[in-house]
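First the structure, in the form of structure tokens, and then the observations on it.
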Amino acid sequence: MFHRRLDQVSTINIQVASAGSWQKKPKMPQIVAIPLRKCEVASHSGKTSNSAILHDAPVKSMIAAPGHWCPNPAATTCLRVCGNSMAPLTGHGYILAVDSSQHDHAKPDGSIVIAWHKNKGLMVSRLKRYGPTEVLEPENKEYEPIVLNNEKRWKILAKVLWWIGKSS
């Protein structure tokens, strides 16, 4: 019940305090509450959640972000990265904000996406196009690209909007 209520929250108004009566009253920012799901997205060699529906995973916590970072708040969710195939861009333990309304293959070449395979689960990678061929390319060149075709049966679930991570 509590998790369903969290899923329904999309925007929160925050009161901004300013010291001194001489200052202008600041504009109220729009903050979006984004659920951090319990499922993880793997690197090219790992295997994670088998669910192809990102929004069905249980909510672990919530992350607040500026409204302009989330063009589709109802379709935005956060997932944690497991592995380092996207290093140095992202690393193990990073949090990705993804938009599941943006899963069209026709979008611009080079987008970072969440892909799903029945046997391999969720994976983060860069979607590249070479003529008619689509490839999931890791940032880390120690990992092999994956060519998308009918035999591989990969499905693009979401586009990565932004990510956060702690420095080491």
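Structure notes:
- Ala158 long-range amide H proximity, modeled H, under 5 Å: Ile114
- Here the label points at Ser167 and Glu142, each 7 Å from Cα along the C-beta direction, are separated by 2.3 nm in the simple model.
- Equivalent-ellipsoid semi-axes for the stretch 87-157 (Cα gyration tensor, √(5λ), whole Å, largest first): 18, 14, 13.
- Scanning residues 5 or more positions from Gly93 or on other chains, those with amide H under 5 Å from its amide H are Val81, Cys82, Gly83, with H placed 1.01 Å from N in the peptide plane.
- In Hz, Karplus ³J(HN,Hα) per residue of the stretch 65-75 (6.51, -1.76, 1.60; θ = phi - 60°; x = Gly, Pro): 9, x, x, 6, 7, 10, x, 10, x, 5, 9
- What the phi angles of the stretch 92-101 give under the Karplus curve with 6.51, -1.76 and 1.60, with θ = phi - 60°, is a coupling list of 4, x, 4, 10, 9, 9, 10, 10, 6, 7 Hz, glycine and proline written as x.
- Residue-by-residue Karplus 3J(HN,Hα) for the stretch 31-42, coefficients 6.51, -1.76, 1.60, Hz, glycine and proline x: 10, 10, 8, 10, x, 9, 7, 6, 7, 10, 10, 8
Where a number appears in this text, it was derived from the coordinates with a stated rule and is not lab data. No experiment lies behind these values; they were computed from the predicted model shown. FYI the Cβ positions are ideal-geometry reconstructions off the backbone, even for glycines, and counts take in every protein chain you see.
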